[in-house]
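Here's the structure, in structure tokens; my notes come after.
Read the figures in this text as sums done on the coordinates, not as results from a lab. These numbers come from a predicted model, not from an experiment. Methodologically, a virtual Cβ is constructed for each residue, glycine included, from the backbone with ideal geometry; neighbour enumeration extends over all protein chains shown.
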Amino acid sequence: MATFPNSYVPIDSHPNARINAIVDNMITPRLLNFRQITVYDEQARNVSATTWKLTYPTWNDTFSVVTRLNSQIVTPLSIDYILGTVTLTAAYTDGDNVNVTYNIDWFQVGILAGFLMQSVDIINNSGQAQSATNYTIDDAPSNWDGVLADLAYAMAMEKLILDYDLWYGRVIFAIGANALNDGDGGDVVSQLETLKSNAEERANISLNNEKFKIGNLLAAPTSTYFAAVRGLGRTSSIAHNLGGMGKLRGLRRNKYI
């Protein structure tokens, strides 16, 4: 499987080509470290005779998982990269300890795809005195891509802030359980909120542009147009047809018509 350069993060992993283009080119570069977090030697929990469960799901399958049974490296019978489990050939016996080193993707493409789809709906209902539109991720104008990426990135920061509050932050930010319990690491949340605000501000610059959704529907006036509405010169028969008053009012026949 192809991956983002020098990483374990897969590319082109969503069925939708537009989503892949935005995620791989605009979002992953900013979230790369969050999409390849290595958890070292975590003690697994036995959930069946041969299956052991780890805390975090959605592993990057390009990472070489290291499994130790009673301090000895073993090769698992199978690995469930989605649920985060390893299945060993030997059944559990009292006193067995299994430790696993694995790599997780905190923002798997399904999550980012959901953020992008929600961002399209936000833009559909935005604008200054404009009617709501009904674009989808497939037919939205290409000039929306940067705004979609910023809105999705802001949502990703919201998710990190929430996950931090739910204790997952101890892995992402290397903050111990005691530190979280004592309320330490407040700077982390502040930094995330700043990143979120920056992305939202960039998006709002475009969303507040009256022409962002409708574009330039009319061509700029030409010299012929001005000559026609003013009745000046012989630029074209239009000038004479309009007679200086517009909409054919004041029409006078001459040698041209």
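Given labels modelled 7 Å from the Cα in the Cβ direction, how far is it in nm from Lys159 to Ala132?
Each label point lies 7 Å from its Cα, and together they span 2.5 nm.
Report the gain in length on full extension from Ser78 to Met117: 0.36 nm times residue separation, minus Cα-Cα distance, nm rounded to one decimal.
Here the segment from Ser78 to Met117 would lengthen by 10.6 nm.
So if I place +1 on the C-beta of Lys and Arg and -1 on the C-beta of Asp and Glu, and nothing else carries charge, what would the dipole magnitude of the stretch 37-104 be about its Cα centre? I want it in debye, nearest 20.
So the dipole magnitude of the stretch 37-104 works out to roughly 20 debye.
Using Cβ counts within 10 Å as a stand-in for footprinting exposure, how do Val23, Val9 rank, fewest first?
Ascending Cβ contact count within 10 Å gives the list Val9, Val23.
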